[in-house]
Amino acid sequence: MSARSLAVVWVLLLAIPLLSNPPVVAQTPEVLFQTGQYDAVAELAAQEVERGVWNEKWPRLLMQAQLARGRYAEAVATYEQAIRRYSSSLVLRLLAREALLHVGETERADREADEIFAVLQRPAGRFASSDNLVAAGRYFSLRREDARQILQLFYDRVRAAEPRHLEAAIATAELALEKGDFSVAAKTLSEAQRLESGDPRIDYLNSQALASSDPQAASAALLRALERNPNHVPSLLALVDAAIDRERYDEAEEQLTRVLQVNLHQPEAWAYLAVIAHLRGNYEIEALMRAAALSTWASNPEVDHLIGRKLSRSYRFAEGAAYQQRALDFDPTHPAANFQLAEDWLRLGYDDVGWELAQSVARDDPYHVVAYNLVTLYDRMKAFATIRRDGVLVKMDPREAELYGEQVLDLLSDARRVLCEKYRVDPSDPILVEIFPQQQDFAIRTFGLPGGAGFLGVCFGRVITANSPASQGETPANWQSVLWHEFCHAVTLEKTNNRMPRWLSEGISVYEERLRNPAAGESMNPQYREMLLDDRLTPVSRLSGAFLSPPSPLHLQFAYFQSSLVIDFLVERYGFDSLLGILDALADGIPINDALARSVGSIERLDQEFAEYARGIGAAWAAEADWSRDDLPNRLSSEQWAEWNQQHPDNVWGLSQLAESLIRAGRDEDALAPLERLSALGVETGRPSGSLTMLAQVYGRLGRTDDEQRVLKRIITLADDALPALRRLASLARDDGNWQALAELGEQMLAIQPLTAEVHDHLATAWERSERFDLAIRPLQALAASEPVDPAGIDFRLASAHHASGDSETATRHLIRALREAPRYRAALDLLLEIAEPPPADSPHKDQETDLPEVGEDEKPEAAESPTDEPDEPAGDQPPAAETTEDSES
């Protein structure tokens, strides 16, 4: 490192004030240590060591306090003196290893570790204390030995003999967390909490165990740890980690200052500073901070592993992978670095090497839960179908690929054309899209563990993962909108080299969703209106944090909505080119606040101007309605609500309560007035529980079909996933013979639920009746792949469509299949003869006949026929070949 660089680091170090210990009260040394009074512990323990008190706990406590304060050389000196007296102490030797590594004596540290193994080979009576057994387990864990044997031979053995031994419980939890077994860790820590509630390590480890399953409980546990010990470095670093995820770098630096007050040489603290410098585009400072992190242990693989992991967490996968490779240069067998590198490669689209490395980690460590999950998923994914077009590669369930794979490619090809041109991006590599029929598989591929409920898709850059409609139950989202949203991420991440804040990335994707389909994306509703107008509106400068650990699912959805409003604001106020300019600046490594300043001024100005813009939008929505909750009563009868509404005729909440109470009482006719008034006031959403949906249902029950249709059509302009409304409209259109409307509604239904025969039959019928046989082929093929009740009938319809489209060869193949299924199928035989012997040129061509058989015509045989059946023709009550009965719909 140059003299200038050393000077910069030294100035940074001097800027950190020294730690001031709280006043010492009469407490045991263990309690002093647990509460972070490390200097007091060191002073007390040093006195006892100096007095020559024969008790290993005093040099142990002294070394622990010295290590906590980063006084590594002092810890080595304490060890050298103590080990002469306590030569069989594995605890002291394990502490010495840490101290020696941080004074640069790596070879001696290895020798001390080897000495632990030598001590273990001596007669058991000399070392077999509970503390030493736990230390032995930790030693073998460092050597990456079999986790189950470590538990059985050391930790479980201690806990069985001494159920109140806290260190054994903590070591068990640490091992479980290392392997990704969070449930075992949480259970063990719950037991440890009953043994000793004052040790901050319990709450800290519990926060790590709960982080993926219960973020709010994890945050509470972390705060409890810091209440017990404000100087607990692992807990402070966890706050740093979370602040960086929320892009609150100033907050992270404040916490890092606290860490460096405790231990000026703490390598993880300097590594986090390197991460922050990288994310800010300060690459020279990044190199300095990394050098500082390695200043006490030059080959510490944890430094580069941590930097890379955090960069990957910020979607800088290429840079993260480079850091993991640096870590592996120091330690080629480092499990966490190897697995993180595998995940990075998979997210960069390097599937072959990524899966191979993940399998290697799983083989080397059978108890690595995340690696096991991933390679098990890989085995299932081998059965996926792979389809491709225009630089897009899609992997999905084979049956789903048959049903709507072509539509997926249509959508993604269109997205690539439109969005790449708009954002001036030319992807250098194919975009990989993986669609999972099981939500658990999506979560494992995306997050490494089951969970992730609420996520429909995730984009890593050139790799997109998504849930298929099969994983979403009765109310699937619009998969076309999801894929358009995620593909937009792929485009903007490519444009910025993955250097964009979360709010900007999500905001642009929701914005583009709505441009493609105004019913898509997040839209205004009463809850969002209220949040725009009160203190729940997040400043743009802190908006990325709204996506991390939101208080509720509603707050998370609102973060998407608000982010899209920011893009609306930027484009309306400053023009789309200014947005492109911001993305270009980010690609050049310019921090977001500086990039914004170039186009829109300071971030403070943007916060203020956007707040005014957003509140204006909130106030303008259903502006004539009375939104007041003042004097709003509870639990009134229909009559009481009607009376209250006379004094508050336009109150949204009163009208809603009155309508709901009347519907519950079966008074549909009376419910029309409040529901129609809500609609007239503009309080309209496409939600299943919204007032518009209730109004459509009331009209339907009252037999007012025209009014019902009018409201249903309004609903589908407000929500792109309103499947019940679409189904009802499709049924009405089919009954009316409105084939164009049925085709349009069928396409909208297909974008939500392509896995049922219903939607494909609507489309096939609409195009057949409209004499667009070329367009009928695809939905008929989907019907054929849906295990139809009447396969011969579907083959005949396919043959007819192909023949009418001029493809007699394919038509013949489908006719033969139909006749194999039903050998006496009269219409199929006639069409086959027509293809084989076309009519004279001067006679009307059979292809011109577009009328399909009606119910009752004897053109359709029974689905299955016995060789002994006598009739040459089927009974006249068989369903026609070109119709699908209600019973045959899936």
Q.
Among the residues that make up the stretch 701-711, is at least one of them open to solvent by 30 Å² or more (accessible area, probe 1.4 Å) and in contact (Cβ under 8 Å) with a residue 60 or more places away in the chain?
A. no
Q: Kindly indicate whether any position in the stretch 630-638 is crowded, with 16+ Cβ neighbours inside 10 Å and within 28 Å of residue 250 (Cα to Cα).
A: no
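Residues of the stretch 458-483 being part of a helix (DSSP H, G or I) and under 16 Å from the mean Cα position of the chain (by Cα), which ones?
Across the stretch 458-483, the qualifying residues are 471, 479, 482, 483.
Which ranges mark the helices (runs of 4 or more DSSP H) fully within the stretch 227-309 that have 1 or more residues being touching a His at 6+ places or on another chain (Cβ under 9 Å)? Write out each step before concluding.
Working: elements: 233-245, 249-262, 267-279, 283-293.
Filter on the stretch 227-309 gives 249-262, 267-279, 283-293.
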**Q.** Residue among 678, 662, 672 that alone is of a type outside the set (Asp, Glu), in contact with a helix residue (DSSP H, G or I) (Cβ under 7 Å, 6 or more places away or on another chain) and surrounded by fewer than 20 Cβ atoms within 10 Å (Cβ to Cβ)
**A.** 672
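Determine if the stretch 328-342 includes at least one residue that is in contact with a Gly (Cβ under 7 Å, 6 or more places away or on another chain) and open to solvent by 10 Å² or more (accessible area, probe 1.4 Å).
Looking through the stretch 328-342, at least one residue is in contact with a Gly (Cβ under 7 Å, 6 or more places away or on another chain) and open to solvent by 10 Å² or more (accessible area, probe 1.4 Å).
Among the candidates 501, 526, 476, single out the residue that is touching a Ser or Thr at 6+ places or on another chain (Cβ under 9 Å) and farther than 27 Å from residue 418 by Cβ.
526
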Q: Tell me which residues, restricted to the stretch 343-367, are of a type in the set (Ser, Thr, Tyr), open to solvent by 40 Å² or more (accessible area, probe 1.4 Å) and modelled with pLDDT of 90 or more.
A: 350
(Q) Which residue is nearest to the chain's Cα centre (by Cα), if the candidates are limited to the stretch 46-92 and must be touching a residue at least 40 places away in the same chain (Cβ under 8 Å) and farther than 17 Å from residue 111 by Cα? (A) 68
Q. What residue, among those in the stretch 616-628 that are in contact with a strand residue (DSSP E or B) (Cβ under 9 Å, 6 or more places away or on another chain) and either modelled with pLDDT under 90 or in a loop (DSSP other than H, G, I, E, B) (or both), is least open to solvent (accessible area, probe 1.4 Å)?
A. 625
Q.
Can you go through 145, 191, 174 and tell me which one is under 34 Å from the mean Cα position of the chain (by Cα) and in a loop (DSSP other than H, G, I, E, B)?
A. 145
(Q) Residues that are more than 22 Å from residue 130 (Cα to Cα) and surrounded by fewer than 17 Cβ atoms within 10 Å (Cβ to Cβ): does the stretch 191-208 have at least one? (A) no
Q. Can you name every residue in the stretch 385-416 that is free of Cβ contacts under 8 Å to residues at least 24 places away in the same chain and either open to solvent by less than 50 Å² (accessible area, probe 1.4 Å) or under 24 Å from residue 515 (Cα atoms) (or both)?
A. 385, 387, 401, 405, 409, 410, 414
**Q.** Number of the exception - residue 213 against (1) closer than 24 Å to residue 367 by Cα; (2) assigned to a helix (DSSP H, G or I)
**A.** (2)
Q: For the stretch 148-165, enumerate the residues that are assigned to a helix (DSSP H, G or I) and of a type outside the set (Lys, Arg).
A: 149, 150, 151, 152, 153, 154, 155, 156, 158, 160, 161
Q: Report yes if residue 370 is buried (at least 17 other Cβ atoms within 10 Å of the Cβ), among the β-branched types (Val, Ile, Thr) and not in a helix (DSSP H, G or I), otherwise no.
A: no
Q.
Taking the conditions exactly as written (part of a helix (DSSP H, G or I), crowded, with 16+ Cβ neighbours inside 10 Å and modelled with pLDDT of 90 or more), does residue 168 satisfy them or not?
A. yes
**Q.** Options 753, 748; residue that is more than 22 Å from residue 526 (Cα to Cα), in a loop (DSSP other than H, G, I, E, B) and under 31 Å from the mean Cα position of the chain (by Cα)
**A.** 753
Q) From the residues in the stretch 495-547 that are of a type in the set (Asp, Glu) and open to solvent by 50 Å² or more (accessible area, probe 1.4 Å), which one is modelled with the lowest pLDDT? A) 535
Q.
Considering only residues that are buried (at least 16 other Cβ atoms within 10 Å of the Cβ) and either part of a loop (DSSP other than H, G, I, E, B) or of a type in the set (Gly, Ala, Ser) (or both), which ones fall in the stretch 373-384?
A. 384
Q: Sort through 748, 740 and tell me the only one that's surrounded by fewer than 18 Cβ atoms within 10 Å (Cβ to Cβ) and of a type outside the set (Lys, Arg).
A: 740
**Q.** helices (runs of 4 or more DSSP H) lying entirely in the stretch 545-608 (those with 2 or more residues that are within 22 Å of residue 251 (Cα to Cα))
**A.** 553-574, 592-600
Q: Return the pairs, sorted by first residue and then second, in which the second residue is open to solvent by 20 Å² or more (accessible area, probe 1.4 Å) and basic (Lys, Arg), the first residue lies in the stretch 602-622 and is more than 11 Å from residue 565 (Cβ to Cβ), the beta carbons are less than 7 Å apart, and the residues are 6+ apart or on different chains.
A: 621/529
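The values are calculated or read from the model by the stated rules, or taken from the named source; none is laboratory data. What you see is a predicted model; the values in this text were computed from it and never measured. Glycine gets a Cβ as well: all are built from the backbone with ideal geometry, and neighbour counts include every protein chain shown. Accessible surface is based on the protein model in full, side chains and every heavy atom, while ligands, DNA and RNA are left aside. Shrake-Rupley method; radii C 1.70, N 1.55, O 1.52, S 1.80 Å.
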